[in-house]
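The values are calculated or read from the model by the stated rules, or taken from the named source; none is laboratory data. Bear in mind the structure is a predicted one, so any value in this text is a computation, not a measurement. FYI the Cβ positions are ideal-geometry reconstructions off the backbone, even for glycines, and counts take in every protein chain you see.
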Amino acid sequence: MPSNDQGLEQRNALVTALSRASRSRILMIALAAVVVLAVAGSTWGYSRLSKTVTVSLDGQSQEVTAFGGTVGDVLEAEGIEVSERDIVVPSLDEQVSDGTKIAVQFARPFQLEVDGESETHWVTATTVSEALEEVGRLYSDADLSASRGGSIDRGGMTLSVVTPKTLKVKLAGDKVVKRTVTALTVEEALDELGVELGKHDETVPPRPTSSRTATSWSSPTCGSSRSTSTARSSTSPRSSRTTPRCSRVRPPCRAPARPACGT
């Protein structure tokens, strides 16, 4: 059996071990508490600093989590570059908060070629009709190279416009008649009027000439000398008048007849 001294040593060792275990447990609990507090503090700080912001780009919206203090900071963090021509609401230096809505409308080049003359505008519109309204030129009766509902991307668009023009036309020995056409050249005007010229027929001015600057037309009659009449053209970009199409095609070379369209 163990002596009293040995029993005392065993008890002391057991007490020492229990004391160390108790200290280790307290240390572990303390460390765990520190970790929990750190995580909670980070979560609280994240929630305090981050904001949910709605960003709309040309009408397309998305929610983003932002840390910036201003609209400019949020856009920069999202990699969205804006120029002086672009429209940003609220302004770039405006402070943001949770739930702020930011709208960006990007400017794009809108090149108008009206009856052969070109000019460029910068617009934020995303459709042809909105762009024409933005520049203040509706061209309601004109022929456009694209649909009014067509979209315009950030690269821009070139739109060709042919405006209506009221012309005085005389075919061979017939009377002078007024016709409104949306044409750019004499040839296009005659085609719209349903006039078919023969191989030896002539026009004054020549067919390639722009109808916007036409001053006189003529068409020879079969077996007769060339008959010339003077006509003036006037440009009416927003004319509300419409011109009936010819119901039949005038033969290229026959005896004098009435105009293909009634006077």
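Return only the number of the condition from (1) at pLDDT below 95; (2) of a type outside the set (Phe, Trp, Tyr); (3) closer than 28 Å to THR126 by Cα that GLY45 does not satisfy.
Unmet condition: (3).
Among residues belonging to segment 187-201 that are touching a strand residue (DSSP E or B) at 6+ places or on another chain (Cβ under 8 Å) and more than 25 Å from GLU117 (Cα to Cα), point out the one that is surrounded by the most Cβ atoms within 10 Å (Cβ to Cβ).
Restricting attention to segment 187-201, the residues satisfying the condition of being touching a strand residue (DSSP E or B) at 6+ places or on another chain (Cβ under 8 Å) are 188-189, 192-196.
Now restrict to residues that are more than 25 Å from GLU117 (Cα to Cα): 194-196.
Values: GLY194: 15, VAL195: 22, GLU196: 14.
Among those that are touching a strand residue (DSSP E or B) at 6+ places or on another chain (Cβ under 8 Å) and more than 25 Å from GLU117 (Cα to Cα), it is VAL195.
Can you tell which of VAL82, VAL104, VAL89 is among the β-branched types (Val, Ile, Thr) and over 17 Å from the mean Cα position of the chain (by Cα)?
The match here is VAL89.
Within segment 100-133, how many residues are farther than 25 Å from LEU184 by Cβ and not in a loop (DSSP other than H, G, I, E, B)?
8
When segment 50-78 is examined, which residues are found to be assigned to a strand (DSSP E or B) and surrounded by fewer than 14 Cβ atoms within 10 Å (Cβ to Cβ)?
Scanning segment 50-78 gives THR52, THR54, GLN60, SER61, GLN62, GLU63, THR65.
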